[in-house]
Every structure is written in structure tokens, then in C-alpha cells.
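Input: a single structure, listed below in C-alpha cells.
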Amino acid sequence: MAGSQAQAPAGGEGTHLVLYDGVCGLCSRLSQFLLVHDDRAVFDFASLQSATGQAMVKRSGGNPHDLTSFYVFANYRTSDARVFTRGAAALFVACELGWPWKAMCAAGVLPKAFLDRVYGVVARTRYRVFGRYEQCLMPRPEFRNRFID
């Protein structure tokens, strides 16, 4: 993604773009959590199922039909955008939030393979444990401007 000249999607005013599985109960709850705790409004959101989500994943070399990964595009409006996936994406988000969530940055000393393995366990069981929606949930009115697509 670094050096890409592709134009950033129109939408919110955030610095970073979070792509999440819009029909996943856990993912939707975590997005709502982020909206409430992102006091600086640095995150914009799009579902992996959206046109923006699929285009961003494809542009970064991922499979746009694989809904098991969590993506964060840091500084997505610039040519220096970086993509984080799975465990690294979760850590990036935690580090951008205020305290006490920022304390999770300490997990960054753990090996990436370990973090991704833990992420994989959650990803494989999320529908069974947290449910699945038939369609992406609509954000609350006060947060709609933070969503793209």
C-alpha cells in the first residue's frame, strides 16, 4: 500500500480506516465499542462486504472474499498508507485508543505468529459464539459520518 497513488475513499474525517466483517456479531460490537471510545475520531469504518472494503483489500494484495481477516489501513488518505491485518491490526487499534486500552500495546512484544494464532482462534469461532446477522447493521445516527459506503 505504501507509495500507492490510488485515491482514498470519500467518507469520514478519520486518519485510519478499519475494515470489519459487517455481518459478524463480534465485529459489529467491536466497531460500536471503537466508535464510543475513539475520543479523537481517528478511525473511519467500512465493512469488508462493501465496495470500498473489497477494493482496499484487493489493492493491498488480500483476498476480498476472505471475511476472516481484520484490516486497518493506517493513514489511508495518504500515499504512505500502511496496512495491518489480524493481530497486528488489533494492536494498532488498541494503541491508538486512550487509556486503559492503550495498555494492550504491551502485547506488541509477543511474536506476530502467536498473535495471529490467537486471532485465528477468535476468527474461527466468532459466528458460533457471537452470532451472525443477515445484513450489515446500520450505525447510529451520530456515527454515520464515520462510515464509508
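The values are calculated or read from the model by the stated rules, or taken from the named source; none is laboratory data. This structure is a prediction, so every number in the text was calculated from the model and none was measured. Positions of Cβ are backbone-derived with ideal geometry, glycine not excepted, and every protein chain shown enters the neighbour counts. These accessible areas exclude ligands, DNA and RNA; they are computed on the full protein's heavy atoms, side chains included. Shrake-Rupley method; radii C 1.70, N 1.55, O 1.52, S 1.80 Å.
Please specify each residue of region 52-82 satisfying the condition of being outside any loop (DSSP other than H, G, I, E, B) and either touching a Pro at 6+ places or on another chain (Cβ under 9 Å) or charged (D, E, K, R) (or both). Even if it seems obvious, please write down each step before you answer.
Within region 52-82, the first condition is being outside any loop (DSSP other than H, G, I, E, B), and the residues that meet it are 52-59, 71-74, 82.
THR52, GLY53, GLN54, ALA55, MET56, VAL57, LYS58, ARG59, ARG82, listed by residue number.
Among residues of region 73-90 being among the aliphatic types (A, V, I, L, M) and either in contact with a Lys or Arg (Cβ under 9 Å, 6 or more places away or on another chain) or open to solvent by 30 Å² or more (accessible area, probe 1.4 Å) (or both), the one that is farthest from VAL118 (Cα to Cα) is ALA74. When region 105-123 is filtered for residues that are open to solvent by 80 Å² or more (accessible area, probe 1.4 Å) and at pLDDT below 75, only VAL109 remains.
Residue pairs whose Cβ atoms lie under 8 Å apart, sitting 6 or more positions apart in sequence or on different chains, and linking a residue in region 75-86 that is without any contact (Cβ under 8 Å) to a residue 40 or more places away in the chain to a partner that is among the acidic types (Asp, Glu), are ARG86/ASP116.
Scanning region 80-104 for residues that are modelled with pLDDT under 85 and farther than 18 Å from PHE33 by Cα returns THR85, ALA88.
Being surrounded by 15 or more Cβ atoms within 10 Å (Cβ to Cβ), of a type outside the set (Ser, Thr, Tyr), within 20 Å of TRP101 (Cβ to Cβ) and in contact with a His (Cβ under 7 Å, 6 or more places away or on another chain), is that true of even one residue in region 57-71? Give the derivation first.
So in region 57-71, the residues surrounded by 15 or more Cβ atoms within 10 Å (Cβ to Cβ) come out as 57, 59-60, 62, 64, 67-71.
With the extra rule that they be of a type outside the set (Ser, Thr, Tyr), the set shrinks to 57, 59, 62, 64, 67, 70.
So of that shortlist, the ones also within 20 Å of TRP101 (Cβ to Cβ) come out as 70.
Next cut, in contact with a His (Cβ under 7 Å, 6 or more places away or on another chain) only: none.
No, the conditions are met nowhere in region 57-71.
Condition check for ASP39 on (1) open to solvent by 60 Å² or more (accessible area, probe 1.4 Å); (2) in contact (Cβ under 8 Å) with a residue 40 or more places away in the chain; (3) assigned to a helix (DSSP H, G or I): one failure, at (3).
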